[in-house]
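The values are calculated or read from the model by the stated rules, or taken from the named source; none is laboratory data. Keep in mind the model is a prediction, meaning the values are calculated, not measured. Please note: Cβ atoms are built from the backbone with ideal geometry, for glycine as well, and neighbour counts cover all protein chains shown. Keep in mind that these areas ignore ligands, DNA and RNA; they rest on the heavy atoms of the full protein, side chains included. Shrake-Rupley method; radii C 1.70, N 1.55, O 1.52, S 1.80 Å.
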Amino acid sequence: RLQAGYWAVLLEQARGWPGCTRLEDGDLALLPASVLPQLPLLADLLSGQPDASEPADSPMQTPASARGLILRGHPGSGRRLLAQALARQLGRQALLIPLDLWQQDPALPLACRYGRWLPVLQPNLGPGEIWRPGPLPDGVPLLILLGSDGAVECPDLLELGLPVPDEAQRQRLWRQALGDTAESASSLASTLAANAQLSGPGIASLGASARLLARRQNQPLSAAHISQARRQLGAERLRLLAQPVERLIEPGAIVLPPLVTAELERLLARARQRESLWQGLGTTLTQTSSAGLRALFCGDSGTGKTLAASYVATRLGAPLYRVDL
């Protein structure tokens with residue numbers, strides 16, 4: 001089987017390698033707009049091309065020595081989509097390869113070289129874990145997909161973090177995902193973009209799921225369908241770590257003291273404006289800004305802490321999970 005696969009590569013008849021997955025082209029508009037202009041530069045660095053900004057006879061012009069790229073992002077952030085886009089920029093086909101196959105099959109790196117494939121590896125690393133890929137083959141750039149945890153011990157690797165699209169791009173993506181079936185689509189897209197920092201592929205997936213839910217219920221697409229789709233997205237993995245809280249608490253279903261109500265409204269306002277809060281406050285504050293949001297609810301058992309958390313989640317259209325520390 002190995003010899004047959006290798007001969008198919010040499011004869012330019014192979015579309016892939018046994019046990020591996022070809023990554024297909026997708027909609028690049030789903031990727032963060034800030035990342036797309038970097039593709040040509042990344043391709044040049046991985047292919048060893050000189051810096052085009054330097055004169056041909058410049059002593060500063062040296063080939064890039066990057067052997068691979070570490071691409072960080074959460075699941076569904078578009079890492080595989082970006083991997084295939086980068087492969088196309090390199091004139092290759094992205095090939096997702098299981099780690100054990102890459103490390104145990106000595107012919108696979110050579111097959112990638114002659115088959116014009118870009119090997120894509122995805123180690124599952126936890127906090128503090130280090131993965132050592134071993135010597136990298138000559139003439140074959142390597143792409144490694146990671147989450148926020150773990151590290152790769154290997155020289156000459158670039159690293160790129162894949163951010164979420166900014167709020168303006170998320171609005172455009174939501175309008176596209178909602179289509180013409182939503183009531184007040186423009187207003188709904190604006191609200192959804194402000195409420196959650198979701199990736200482009202995540203928005204597209206949620207839009208498709210919400211449209212399907214609306215059709216099943218024979219209703220116009222609304223924010224309620226988006227919220228229901230969000231509660232279902234990734235629920236299997238989250239349920240291994242946390243307990244979902246399914247209660248939907250509308251404003252009329254909760255009675256709180258005026259001070260608590262005012263603080264919850266401030267929390268909701270900050271959640272919706274956390275990306276724009278730092279604008280115009282100076283360079284120092286802008287550089288140290290954080291889009292994260294944390295709140296501490298204090299009170300005896302039965303005073304309504306979980307109820308208040310459910311109220312905030314309902315207002316933001318976000319799924320709520322309880323973690324027992």
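Observations
- Per the listing SER222, SER227, the residue uniquely touching a residue at least 40 places away in the same chain (Cβ under 8 Å), out of contact with any Gly (no Cβ under 8 Å at 6 or more places or on another chain) and of a type in the set (Ser, Thr, Tyr) is SER222.
- Among the residues of the stretch 180-234, those that are exposed (fewer than 14 other Cβ atoms within 10 Å of the Cβ) and either closer than 18 Å to ARG272 by Cα or modelled with pLDDT of 85 or more (or both) comprise SER186, SER187, ALA208, LEU212, ARG215, ARG216, GLN217, ASN218, GLN219, PRO220.
- Test result for GLY91, of a type in the set (Gly, Ala, Ser) and under 30 Å from ALA33 (Cβ atoms): yes
- Selected residue (only one of LEU142, LEU162 is open to solvent by less than 30 Å² (accessible area, probe 1.4 Å), under 16 Å from the mean Cα position of the chain (by Cα) and within 23 Å of ALA94 (Cα to Cα)): LEU162
- Condition met for ALA309 (modelled with pLDDT of 90 or more and under 14 Å from LEU267 (Cβ atoms)): yes
- GLY91 open to solvent by 10 Å² or more (accessible area, probe 1.4 Å), modelled with pLDDT of 85 or more, closer than 22 Å to LEU145 by Cβ and in contact with a Lys or Arg (Cβ under 8 Å, 6 or more places away or on another chain): yes
- Pick from the stretch 165-179, criterion open to solvent by 20 Å² or more (accessible area, probe 1.4 Å) and either within 25 Å of LEU39 (Cα to Cα) or touching a residue at least 40 places away in the same chain (Cβ under 8 Å) (or both), ranking: nearest to the chain's Cα centre (by Cα): ASP166
- Candidates LEU41, LEU31, LEU46, LEU36 - the one that is open to solvent by less than 60 Å² (accessible area, probe 1.4 Å), out of contact with any Gly (no Cβ under 9 Å at 6 or more places or on another chain), aliphatic (A, V, I, L, M) and modelled with pLDDT of 75 or more: LEU36
- When the stretch 298-325 is filtered for residues that are of a type in the set (S, T, N, Q) and out of contact with any Ser or Thr (no Cβ under 9 Å at 6 or more places or on another chain), the ones remaining, listed by number, are SER301, THR303, THR306, SER310.
- Residues that are open to solvent by less than 80 Å² (accessible area, probe 1.4 Å) and in contact with a helix residue (DSSP H, G or I) (Cβ under 9 Å, 6 or more places away or on another chain), drawn from the stretch 113-129: GLY115, TRP117, LEU118, PRO119, VAL120, LEU121, GLN122, PRO123
- With respect to (1) surrounded by fewer than 22 Cβ atoms within 10 Å (Cβ to Cβ); (2) closer than 26 Å to LEU31 by Cα; (3) small (Gly, Ala, Ser), the lone exception for SER77 is condition (1).
- Under the condition of being of a type in the set (S, T, N, Q) and in contact (Cβ under 8 Å) with a residue 24 or more places away in the chain, the residues counted in the stretch 101-134 number 2.
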